[in-house]
Amino acid sequence: MTRYLILALTLTAVLCGAPLAFSQGDMLVIKPEAFTAPRRPPAVFPHDAHNEKAKIDDCAACHHGGENGVRDPKATSEGVPCADCHPVVAAPGRTPLMRAYHQQCIGCHLEKKAGPAACGQCHVDAAAPKAK
Ligand code: HEC
Ligand code: HEC
Ligand code: HEC
Ligand code: HEC
């Protein structure tokens with residue numbers, strides 16, 4: 001449903017000659033369709049606010065590129081769901097989807113000694129996160 005809304009808005013922007021601004025300001029949680037029967041509430045992640053607060057300027061810090069199971073340090077993948085390259089079910093040579101998220105999110109939090117590392121701090125019950 002939201003996909004169609006985004007498509008409609010994008011088309012409107014194009015037709016009006018407005019520059020295509022990809023803003024993730026409205027993204028508050030991560031809820032990939034690939035997890036068809038989630039066991040946990042979706043993780044809190046107010047995309048733009050998070051990255052501002054954490055002072056991450058480089059999109060490739062999270063949106064890296066790669067193909068056929070090989071990372072490409074010259075490529076990036078903004079806007080491509082992690083699930084496009086990381087299968088839900090483990091496959092040889094591929095980091096499965098849940099581990100991909102956990103390793104990236106928690107890995108940086110531990111490295112920076114900032115940000116949550118406990119389950120309930122990300123998978124917040126009745127997630128009605130406020131955009132900060
Ligand atoms: C700290 C990690 C992180 C950084 C840094 C980051 N993103 Fe993202 N972004 C994500 C995650 C996680 C998603 C959700 C991916 C998924 O659906 O699997 C996402 C989703 C998106 C989407 C899709 C939005 C939607 O509503 O589906 C776009 C477009 C995007 N990011 C662009 C960017 C751009 C441009 C930058 C740099 C200015 C950036 N991101 C920096 C983690 C990040
Ligand atoms: C365009 C394809 C592509 C996208 C999109 C992508 N990845 Fe990856 N990623 C790869 C490849 C290729 C590898 C290396 C093989 C593997 O481990 O699966 C990799 C490896 C990883 C690894 C293993 C450690 C490392 O850094 O090599 C993590 C963690 C990871 N990705 C997390 C993510 C997350 C989280 C997202 C979404 C924000 C994401 N990836 C989006 C292609 C992608
Ligand atoms: C490259 C580093 C990095 C990555 C990757 C990253 N974070 Fe963070 N995150 C931070 C830092 C740094 C903070 C602390 C910001 C502060 O409070 O100053 C933080 C804070 C947070 C917070 C607390 C925000 C608040 O307002 O207190 C949440 C929730 C969070 N991260 C979720 C995530 C999720 C979910 C992912 C994976 C999709 C993720 N982060 C990936 C660096 C990162
Ligand atoms: C830094 C944030 C963070 C922490 C800490 C974290 N997760 Fe996650 N987790 C995520 C993200 C992001 C996803 C991707 C899908 C989503 O948002 O639910 C995910 C996905 C999952 C999934 C697969 C989707 C589902 O709901 O079935 C499970 C299960 C899960 N996490 C369990 C846990 C458990 C158990 C812990 C503690 C040991 C934990 N997570 C800690 C961010 C986190």
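The values are calculated or read from the model by the stated rules, or taken from the named source; none is laboratory data. None of these values were measured; they are calculated from a predicted model. For neighbour counting, all protein chains shown are included, and Cβ atoms are generated from backbone atoms with ideal geometry for every residue, glycine included.
Which pairs do you get when a residue that is more than 15 Å from HIS86 (Cβ to Cβ), found in region 29-41, comes within reach of a residue that is within 7 Å of ligand 4 (Cβ to nearest atom), reach meaning Cβ atoms under 7 angstrom, with the pair 6+ apart or on two chains?
VAL29/PRO42; VAL29/ALA43; VAL29/PHE45; LYS31/PRO42; ARG40/HIS123; PRO41/HIS123
Is there a residue in region 111-120 that is touching a Pro at 6+ places or on another chain (Cβ under 6 Å) and either more than 8 Å from ligand 4 (Cβ to nearest atom) or in a helix (DSSP H, G or I) (or both)?
no
Restricting attention to region 91-109, does a residue exist that is β-branched (Val, Ile, Thr), free of Cβ contacts under 8 Å to residues at least 60 places away in the same chain, surrounded by fewer than 16 Cβ atoms within 10 Å (Cβ to Cβ) and not in a helix (DSSP H, G or I)?
no
Looking only at region 50-75, which residues are within 16 Å of GLY25 (Cα to Cα) and either away from ligand 1 (no atom under 11 Å from the Cβ) or assigned to a strand (DSSP E or B) (or both)?
Result: no residue meets the conditions.
Mind listing whichever residues of region 100-114 are farther than 13 Å from ALA34 by Cβ and near ligand 2 (Cβ under 9 Å from one of its atoms)? Before you say what the answer is, go through the steps one by one.
Applying the first criterion (farther than 13 Å from ALA34 by Cβ) to region 100-114 yields 102-114.
Answer for region 100-114, where residues must be farther than 13 Å from ALA34 by Cβ and near ligand 2 (Cβ under 9 Å from one of its atoms): HIS102, GLN103, GLN104, CYS105, GLY107.
Condition first: over 24 Å from VAL89 (Cβ atoms), of a type outside the set (Ser, Thr, Tyr) and in a loop (DSSP other than H, G, I, E, B). Can you find one or more residues in region 27-36 that meet it?
Of the residues in region 27-36, the ones over 24 Å from VAL89 (Cβ atoms) are 27-28.
Then keep just the ones that are of a type outside the set (Ser, Thr, Tyr); that gives 27-28.
Now drop any that are not in a loop (DSSP other than H, G, I, E, B), which leaves 27-28.
So far as region 27-36 goes, yes, one or more of its residues are over 24 Å from VAL89 (Cβ atoms), of a type outside the set (Ser, Thr, Tyr) and in a loop (DSSP other than H, G, I, E, B).
What residue, of HIS102, HIS123, HIS63, HIS50, is more than 10 Å from ligand 3 (Cβ to nearest atom), at pLDDT 95 or above and not aromatic (Phe, Trp, Tyr)? Outline the logic, then answer.
Values: HIS102 fails: more than 10 Å from ligand 3 (Cβ to nearest atom); HIS123 fails: more than 10 Å from ligand 3 (Cβ to nearest atom); HIS50 fails: more than 10 Å from ligand 3 (Cβ to nearest atom).
That would be HIS63, the only listed residue that is more than 10 Å from ligand 3 (Cβ to nearest atom), at pLDDT 95 or above and not aromatic (Phe, Trp, Tyr).
Scan region 73-82 and give yes if some residue there is more than 9 Å from ligand 2 (Cβ to nearest atom) and free of Cβ contacts under 8 Å to residues at least 40 places away in the same chain, otherwise no.
Yes, the conditions are met somewhere in region 73-82.
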